[in-house]
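Structure record follows, encoded as structure tokens.
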Amino acid sequence: MNNLSQARRWLNYADWQKAFLVLYQVAKIINSKEKLINFIDTLYVYKPQTTVQLAHLVRITKILVLSLEPLDDMKANVLARMLQLISFTFKSIIGSNELDTLMNNYYETMVNELCDILNNFNAEWEYIPKSQCRAESESCLNIDNFRNRLEQMSTLQPQGLEHINNWLHAHWKLSSCLFYMGMGTARRLHPEEGPKLIERSNFNMRMESFDLDQERTIEFESADSMHTLVFTDKLLQELRRRLRTDEVLISVRSHKQSQYWWYPEQESQTQVLVVNAYTKNSIWQKTQEILEPFQYISKLKMNFSVGEPVNDDRNPQNVQKGVGFDDPEEDVENIIYDNVYTSSEVRMYRTELDGHSVLGITFTQADIDYHVLMRMTTVPTLDDMNSHSSTCLVRTGVLQPTTILLRNRCEKSRPVYIYLRAANSTEPWDVFHKSGAFYAFSTEIRSCRIWNYARPEPSWQNLACMPEMNRSIYFGIHCRCKFISDFDADAMPIIAVPMNLKCHLERPIVGHNYQMIIFYILITVSGSVHIFFNMKKISEWDKKLYVEKYPKAAPCYRGDIAVRLTFGGRYNAGTSANIIFSFQSYDQILQIIAYQDPVFQTFRRNSTIAFRLQIQVIQLPTRLTIRHDNSGIYPNFFCRYITVSDTLTEQIQIFRFQQWVRRSKAVPQNESEKIFDHTMTPEKEIYSWKFRFSHSMENYMGNWFLFQPIIGPWRFGVDRYTFCKWERSCIYIAKLFISICIVVTFFG
């Protein structure tokens, strides 16, 4: 305590040299958390400002870490204050551009000591208990914010969460120091000097500066040869453009123990690769997406090939190969042993392939040649095997393991079906009649992962990386990523489930398909828009005709006699003139004129006009003459038929003209037709077969699709000619659409 008091007094007078000598000796005997707190409080009396003081501060921190071993979470939390002081000093020195004042040997010593601190921390991470929840959430990263969530505290152990929180605090402060160390190295290491290698027991680091104007494509290995990094020419030009500099320092750190130890996921078989790009004044932000993918190849194990023996006494048969697609690891559940008993027999297996992953099937034994097919589908069919262009051939014996790859480019997982059948159907089967033809293969999934720094929930993700289908990489995984960040690659066995062809192919499981529903919704929207814009026309069509007595010009009042005229469908079958009707009933002649609307012409081809008269004016049966007043540009029209019906007695009289009306003031020629009782006379005597067929089809379809309960009783008591053909077609299509939607929704 006396030594710390003396050091505090010298620091108050800014005498760093004398204080450093005392603090250096005291740091060697610090062995408890309480002494460490007093020691750091003394250091915070004075803030180092020079490069020499920064180097001294790093050396003191290293001595403290060695003195406090083994570290626990409480000591690490206090050491985070030391690391924060180093980070602050580093930042101020780089900002004032004074880092070059430190001699190279002192700077090298400071860098090595920071790496020693990182190595000691890595050694302790291996023994830290795994997180009990998703450690990136606010509750796990900050125990203080979690204390208010009492209902969640009952399921977790607060001591474990605080343990993780303390280590994370120290880890982030140390990461900040390493970032500034890389920026400082970018100012001192130049392209012509070559790479700088740092090897420790728990990680390896390689730092090398490159001149982007001189380089075309950069490809180099990490310090431990476990990773190969590839920077293409386009990627280098993008870095040069966005960093606005010619020299870039690439720092590659390969960890045996993941620096994301607190993330509650299964550890991968590869080492975590930390990649940073530094300039003299900035660092590449790991959340920035790049246009040209960054490529790396991560090895699962060291590659000891048969052609490169470690020593001369080694037996090539005992060479330990790495785990690869062409050298499957004998796991208990991902190996399939099976037989086929006939040349036409098909074996099928099902598995699930994650998004942005590669599925590898490695055949290690085959008694005969096999055709193998891998397909991502929801409905497997045996017809898929008939296309030989999509199948792969596995040779007899399999002297070298045969690997078949399938990649899922989608973001979501997809079912994969594996088909297998004998390649030669004419091959003699006597040898395999009893035991069958044997084969064996293993299944494995490989994926590339990148650490997503996005807040509030950073995590490992594989959506930004895509594994390459590179079969030449026997012992590793080739990845292409959209970010320069922290990477990982994983290979894990996956179970392939045998399928019963009779059960699964006759009743396939169909996934969700909303295309039909979306299609009908689009039809509904389109129909609604069309009807909305045509409502004005419909209202004009529904306008009542203006009729009066001719030539007296006396008004006609609506009554129980309905008169309907149907125009033909030929070109110019409508008329622009006013139509004159002449009715003769019991020696009385009544002439009625129906006026054309000058604004919206209603006398159009393929249409029906209707008006009503009083029963006192006209009675059935009647004789009828029709002509026009020769007004407008095309007065002549084609008349199909005219119906005159009594709504009270339900009697109807139909005049079938089927001719052009070209008369204007000529002598009338009266037409007469039989009168029918609509309730007693069958339709065959009234209507033609075309009319009866269309009427019956409409009634049958209406009853079949249950339209009546949906639209209401609009048919009851109302004749079918109350609506025009266009209106009846719209109603029919709308009702048909509703019925199909109900069937599709509830019955698939």
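The values are calculated or read from the model by the stated rules, or taken from the named source; none is laboratory data. Since we're looking at a predicted model, the values are computed, not measured. For neighbour counting, all protein chains shown are included, and Cβ atoms are generated from backbone atoms with ideal geometry for every residue, glycine included. Protein only, heavy atoms only, side chains kept; ligands, DNA and RNA dropped before computing areas. Shrake-Rupley method; radii C 1.70, N 1.55, O 1.52, S 1.80 Å.
Go over the candidates L4, L11, L21 one by one and state the one that is of a type outside the set (K, R), closer than 24 Å to I117 by Cα, open to solvent by less than 30 Å² (accessible area, probe 1.4 Å) and at pLDDT below 90. Testing whether each residue is of a type outside the set (K, R), closer than 24 Å to I117 by Cα, open to solvent by less than 30 Å² (accessible area, probe 1.4 Å) and at pLDDT below 90 leaves just L4. Evaluating T524 against the criteria (1) open to solvent by 80 Å² or more (accessible area, probe 1.4 Å); (2) modelled with pLDDT under 80 leaves one unmet condition, (1). Taking the range 350-389, which residues are in contact with a Lys or Arg (Cβ under 9 Å, 6 or more places away or on another chain) and under 27 Å from I450 (Cα atoms)? Hits for the range 350-389 are E352, L353, D354, G355, H356, S357, V358, L359, G360, M376. Is it the case that L85 is closer than 15 Å to A55 by Cβ, in contact (Cβ under 8 Å) with a residue 60 or more places away in the chain, part of a helix (DSSP H, G or I) and not charged (D, E, K, R)? It is false that L85 is closer than 15 Å to A55 by Cβ, in contact (Cβ under 8 Å) with a residue 60 or more places away in the chain, part of a helix (DSSP H, G or I) and not charged (D, E, K, R). Looking at the range 502-509, is at least one residue open to solvent by less than 100 Å² (accessible area, probe 1.4 Å), among the aliphatic types (A, V, I, L, M) and modelled with pLDDT of 85 or more? No: the range 502-509 contains no residue that is open to solvent by less than 100 Å² (accessible area, probe 1.4 Å), among the aliphatic types (A, V, I, L, M) and modelled with pLDDT of 85 or more.
Looking at the structure I just gave you, is E34 on the phi < 0 side of the Ramachandran plot, surrounded by 14 or more Cβ atoms within 10 Å (Cβ to Cβ) and either of a type in the set (D, E, K, R) or out of contact with any Lys or Arg (no Cβ under 8 Å at 6 or more places or on another chain) (or both)? No, not satisfied.
In the range 659-666, is there at least one residue being open to solvent by 20 Å² or more (accessible area, probe 1.4 Å), among the small types (G, A, S) and not in a strand (DSSP E or B)? The answer is yes, given that some residue of the range 659-666 is open to solvent by 20 Å² or more (accessible area, probe 1.4 Å), among the small types (G, A, S) and not in a strand (DSSP E or B). Residues in the range 225-249 that are among the polar types (S, T, N, Q) and closer than 22 Å to F179 by Cβ: 1 in all. Taken over the range 43-56, the criterion of being under 12 Å from R81 (Cβ atoms) and outside any loop (DSSP other than H, G, I, E, B) is satisfied by L43 alone.
Scanning the range 92-107 for residues that are within 17 Å of V52 (Cβ to Cβ) and part of a helix (DSSP H, G or I) yields S92, I93, I94, L99, D100, T101, N104, N105, Y106, Y107. Determine, yes or no, whether Y586 is under 18 Å from P551 (Cα atoms) and open to solvent by 50 Å² or more (accessible area, probe 1.4 Å). Judged against the criteria, Y586 is not a match.
Residues checked against (1) small (G, A, S); (2) open to solvent by less than 40 Å² (accessible area, probe 1.4 Å); (3) under 23 Å from T61 (Cβ atoms); (4) touching a residue at least 60 places away in the same chain (Cβ under 8 Å):
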{"residue": "A170", "(1), (2), (3), (4)": "yes, yes, yes, yes"}
{"residue": "F179", "(1), (2), (3), (4)": "no, no, yes, yes"}
{"residue": "G182", "(1), (2), (3), (4)": "yes, yes, yes, yes"}
{"residue": "D211", "(1), (2), (3), (4)": "no, no, no, no"}
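For the residues F583, F611, F600, the requirement of being in contact with a Ser or Thr (Cβ under 6 Å, 6 or more places away or on another chain) and either outside any loop (DSSP other than H, G, I, E, B) or more than 14 Å from Y641 (Cβ to Cβ) (or both) singles out F583. State whether the residues of the range 428-446 include one that is touching a Cys at 6+ places or on another chain (Cβ under 6 Å) and either small (G, A, S) or open to solvent by less than 40 Å² (accessible area, probe 1.4 Å) (or both). Taking every residue of the range 428-446 in turn, none turns out to be touching a Cys at 6+ places or on another chain (Cβ under 6 Å) and either small (G, A, S) or open to solvent by less than 40 Å² (accessible area, probe 1.4 Å) (or both).
Considering T391, T342, the condition of being out of contact with any helix residue (DSSP H, G or I) (no Cβ under 8 Å at 6 or more places or on another chain) and on the phi < 0 side of the Ramachandran plot is satisfied by T342 alone. Checking every residue in the range 376-398 against the condition of being open to solvent by 50 Å² or more (accessible area, probe 1.4 Å) and modelled with pLDDT of 90 or more gives at least one match. Selection of the range 69-80 for residues being in a helix (DSSP H, G or I) and either within 14 Å of M183 (Cα to Cα) or free of Cβ contacts under 8 Å to residues at least 60 places away in the same chain (or both) yields K75, V78.
Number of residues in the range 1-52 that are touching a His at 6+ places or on another chain (Cβ under 7 Å) and of a type in the set (G, A, S): the value is 0. Inspect all residues belonging to the range 274-290 and state whether any of them is at pLDDT 90 or above, in contact with a Cys (Cβ under 9 Å, 6 or more places away or on another chain), at negative phi and open to solvent by less than 40 Å² (accessible area, probe 1.4 Å). There is at least one residue in the range 274-290 that is at pLDDT 90 or above, in contact with a Cys (Cβ under 9 Å, 6 or more places away or on another chain), at negative phi and open to solvent by less than 40 Å² (accessible area, probe 1.4 Å). Highlighted here would be strands (runs of 3 or more DSSP E) found entirely within the range 347-402 that include at least 3 residues which are without any contact (Cβ under 8 Å) to a residue 12 or more places away in the chain, but there are none. Each residue in the range 205-216 was checked for being modelled with pLDDT of 90 or more and either part of a helix (DSSP H, G or I) or touching a Ser or Thr at 6+ places or on another chain (Cβ under 9 Å) (or both), and 5 pass.
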